[in-house]
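The values are calculated or read from the model by the stated rules, or taken from the named source; none is laboratory data. Computed from a prediction, not measured in an experiment: that's the story for all the values here. Neighbour counts are summed over all protein chains in view; Cβ atoms, including those assigned to glycine, are modelled from backbone coordinates with ideal geometry. Heavy atoms of the whole protein, side chains included, go into the accessibility calculation; ligands, DNA and RNA do not. Shrake-Rupley method; radii C 1.70, N 1.55, O 1.52, S 1.80 Å.
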Amino acid sequence: MRGTTTMVVGPWLRRIVQVTVAALVATMGLFTVTPPAEACACGGMVHEPGRSMTVIGETALVTRSAGRETIVMSLSARSDATRAGLLVPTPKPATPTLADRNLFTDLERQAAPRKRVRHHLFGPPAIFGDGSDGSDVNYSAGAPSSGVRVLDTVDLGPLEAISLTASDAGDLHAWLDKRGFVMSPQFEALVTPYLDRGWAFTAMSLTAEGRSLSGGLPPVSLSFKSDRLVYPMRMSRGAKETQQVRTYVLAAHRVSRTDPTAGRGEMQTVYADRVRTSLVTSPDLRRLSAENPWLTEITQSFDRPAQQVRSDFTFARAAHDTPVIRYTYDDEYFIPVDVAVLLVLLVGGISGGVIVLLRRRQRTS
């Protein structure tokens, strides 16, 4: 007989990300959008007038090698829109590319529960009862430039990306407005801290070629110079609902969060271990993990993002490289409990009969 027991590492994984912030981007001069817009942890997103769009999931991979950081983002949306825009801040100008769709499938496979077998002498009933499974839990910046400067424009097929810098929110507002982008005063307040630190932005237009943008959007990779691992989160302060952010980090060792926001929401490390190369099918993951073989998965939820999100996410080497792994146990039993009871009764009956027979013979003698 077999019963499955699932082990969960750390606190509970919470609900999914993203919500409404005031407005940003339309596609590059193709259409104009009006508030409201969605705010995801990595940036601002808007859609066509008269359409609806809700970001229902966001997952990111963060890694750094040879002085350059790479952020790969995967967004899932529920929408009837066919066009949308996204603005992402980075410490230095980013080079955007389309990422391999199998990358996050491989990451999920890496962090999935591993199977183990436990052997027991006695187990669930085999003759009587339904043999239901049981479960338990066991926890094994530079100076800003003047005005707006367009650094590069890249056509990536399903999206177009423009890398740019700006001196202040007013300059960025004017530049976006001329090209069909819309910024509200609230959005300007969220974007100003990045401008004050001289960060760059990548503005991307997303299209579905006549279909809605519901479901998984094309995963995007942004590569830029950076002296530390950072994931932009400040813009999610405009969110009105509970958010959850999942970040995978590839590094030489296990990592932990070092930013002030780490202690303000429910955060947990749900996985940490070396990448198992035998499970890697994505060329992107194989390349990114070559120099950074440790994979750490961290989730955090915010039920009051305006008060709890105080900074971007930053990461550093953890105090130890102890793995955090979830296990699913298959319990194997040598003797079902009801068969064991029947055997005990049978042996007891035989023993009782033998004793009675011996006593009768003694009396007869």
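Just name the residue that is most open to solvent (accessible area, probe 1.4 Å) out of those in region 242-259 that are of a type in the set (S, T, Y) and part of a strand (DSSP E or B).
Restricting to residues being of a type in the set (S, T, Y) and part of a strand (DSSP E or B), the top hit is S256.
Output the qualifying pairs, or none if there are none: Cβ atoms under 8 angstrom, residues six or more apart or on different chains, first residue in region 96-119 and part of a loop (DSSP other than H, G, I, E, B), second residue open to solvent by 50 Å² or more (accessible area, probe 1.4 Å).
What qualifies is D100/P283; R101/G216; A112/R326; P113/T6; P113/R326.
Considering only region 80-97, I want to know if a residue exists there that is modelled with pLDDT of 65 or more, more than 28 Å from D168 (Cβ to Cβ) and open to solvent by less than 70 Å² (accessible area, probe 1.4 Å).
yes
Name the strands (runs of 3 or more DSSP E) wholly inside region 260-343 in which the number of residues that are open to solvent by less than 70 Å² (accessible area, probe 1.4 Å) and more than 19 Å from V72 (Cα to Cα) is 2 or more.
The strands (runs of 3 or more DSSP E) meeting that bar are 266-274, 294-302, 327-336.
Tally up the residues in region 150-174 that are out of contact with any helix residue (DSSP H, G or I) (no Cβ under 7 Å at 6 or more places or on another chain), closer than 16 Å to P89 by Cβ and at pLDDT below 80, please.
Count: 0.
Yes or no, residue by residue, for (1) closer than 22 Å to S226 by Cβ; (2) within 15 Å of the chain's Cα centre (by Cα); (3) among the hydrophobic types (A, V, I, L, M, F, W, C):
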residue	(1), (2), (3)
A262	yes, no, yes
G265	no, no, no
V280	no, no, yes
L285	yes, no, yes
N292	yes, no, no
V309	yes, no, yes
T314	yes, no, no
A319	no, no, yes
P323	no, no, no
